[in-house]
Structures are given as C-alpha cells and as structure tokens.
Amino acid sequence: MKIEVCFGSSCHVKGSKSILELLKTELKKNGLEDKVELAGSICLGACKENGANMKIDGEIVTGITKENFPEFFKTRVLDVVKK
C-alpha cells in the first residue's frame, strides 16, 4: 500500500504534519512499516475539503483530522493491509 500525504499549503494548515505523525505511530504500533510506503505530495487538488488530504494507492481521500483519524486508520489502512 502506498499513502501520499498532501503537504500543500491548505493541507499543511489543516494538520497534515500531525496526520503523518499519527500514521507513522500507528504503522509502527501495528508492525506495518514494511507493508505501507509513506510519501509526501505537494497538492492533490482537493483543497476545498475539510481536514488533510492524501492519496491511497492512487485514490484521493479527503477530510482526515485528528478526530476521525482512528476510524480512518482502522477502515482504510489496517483492515485493508491485514486482509
């Protein structure tokens, strides 16, 4: 799985750095560092959305916040990688 976190100005202001740190922490905690490639992106073109944006295996996912991160991680990363 490849996850690209947007670090464009809009996503940066909306907390993309914090989201990246949460991703790193959860990947390590779940032993998934070797199954998920993390990368950064300048802009994914979804700046109007609330929260940070990212691309997962080519699909843009919008609106990731610290509050909804646990559910996002479980359904979009953990459940998919562990299948």
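Assorted remarks:
- Using 0.36 nm per residue and subtracting the Cα-Cα separation, the extra length available between Glu33 and His12 on full extension is 5.2 nm.
- Contact order for the chain, expressed relative to its length and based on alpha carbon pairs under 8 Å spaced 6+ residues apart, stands at 38 percent.
- Between Met1 and Val81, the contour length at 0.36 nm per residue exceeds the Cα-Cα span by 28.1 nm.
- Taking only protein heavy atoms and a 1.4 Å probe, the accessible area of the chain is 51% carbon and sulfur.
- Note: the stretch 1-52, Cα convex hull, 67 Å³ per residue.
- ³J(HN,Hα) computed for each position of the stretch 13-20 - Karplus, 6.51 cos²θ - 1.76 cosθ + 1.60, integer Hz, glycine/proline x: 5, 8, x, 4, 5, 5, 5, 4
- Cβ-placed point charges (K, R +1; D, E -1), dipole of the chain about Cα centre in debye, nearest 20: 100 debye
- Computed with a 1.4 Å probe over protein heavy atoms only, the accessible surface of the chain comes to 59 Å² per residue.
The values are calculated or read from the model by the stated rules, or taken from the named source; none is laboratory data. Note that the structure is predicted; figures quoted are calculated from it, not measured. Positions of Cβ are generated from backbone atoms using ideal geometry, with glycine treated the same way; all protein chains shown enter the neighbour counts. The area values use the complete protein model at the heavy-atom level, side chains included, leaving out ligands, DNA and RNA. Shrake-Rupley method; radii C 1.70, N 1.55, O 1.52, S 1.80 Å.
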